[in-house]
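The values are calculated or read from the model by the stated rules, or taken from the named source; none is laboratory data. Remember, it's a predicted structure, so these values are computed and weren't measured experimentally. Reconstructed Cβ throughout: ideal geometry from the backbone, glycine too, with neighbour counts over all protein chains shown.
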Amino acid sequence: MAKNKENIHSFKKGFGLIPYKDIRRAKDEIMEALGISARSQWYQRLYGNIIPNVEEKEAIEKIFSKYKVKQSDIWGS
């Protein structure tokens, strides 16, 4: 049986730390920053299947800091 490997490009861990009332707004902001509009693209990014470039990573971290999620808590599944 294969063990689940943590994906260092996933921001699912940090997304789970955003207060429930702000989830929709944060998701919309991240999608806009990444230039995506489809739900399938969102999940590919959320789970780290598509590796963010430097600018995208900085934009994601900036959005998470707005919701008081520490940078060390953002990345990983």
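Scanning the stretch 63-77 for residues that are assigned to a helix (DSSP H, G or I) and either loosely packed, with under 12 Cβ neighbours inside 10 Å or polar (S, T, N, Q) (or both) yields Ser65, Gln71, Ser72. The set of residues in the stretch 28-77 that are among the basic types (Lys, Arg) and in contact with a helix residue (DSSP H, G or I) (Cβ under 7 Å, 6 or more places away or on another chain) contains only Arg45. Within the stretch 33-54, the set of residues being of a type in the set (Phe, Trp, Tyr) and either touching a residue at least 40 places away in the same chain (Cβ under 8 Å) or not in a helix (DSSP H, G or I) (or both) comprises just one member, Tyr47.
Which one is surrounded by the fewest Cβ atoms within 10 Å (Cβ to Cβ), of the residues in the stretch 51-62 that are among the aliphatic types (A, V, I, L, M) and modelled with pLDDT of 95 or more?
Taking the stretch 51-62 and keeping what is among the aliphatic types (A, V, I, L, M), we get 51, 54, 59-60.
Filter again for modelled with pLDDT of 95 or more, leaving 54, 59-60.
Values: Val54: 7, Ala59: 18, Ile60: 21.
Selected residue: Val54.
Picking from residues in the stretch 1-42 that are surrounded by 12 or more Cβ atoms within 10 Å (Cβ to Cβ) and among the aromatic types (Phe, Trp, Tyr), the one that is nearest to Trp75 (Cα to Cα) is Phe11.
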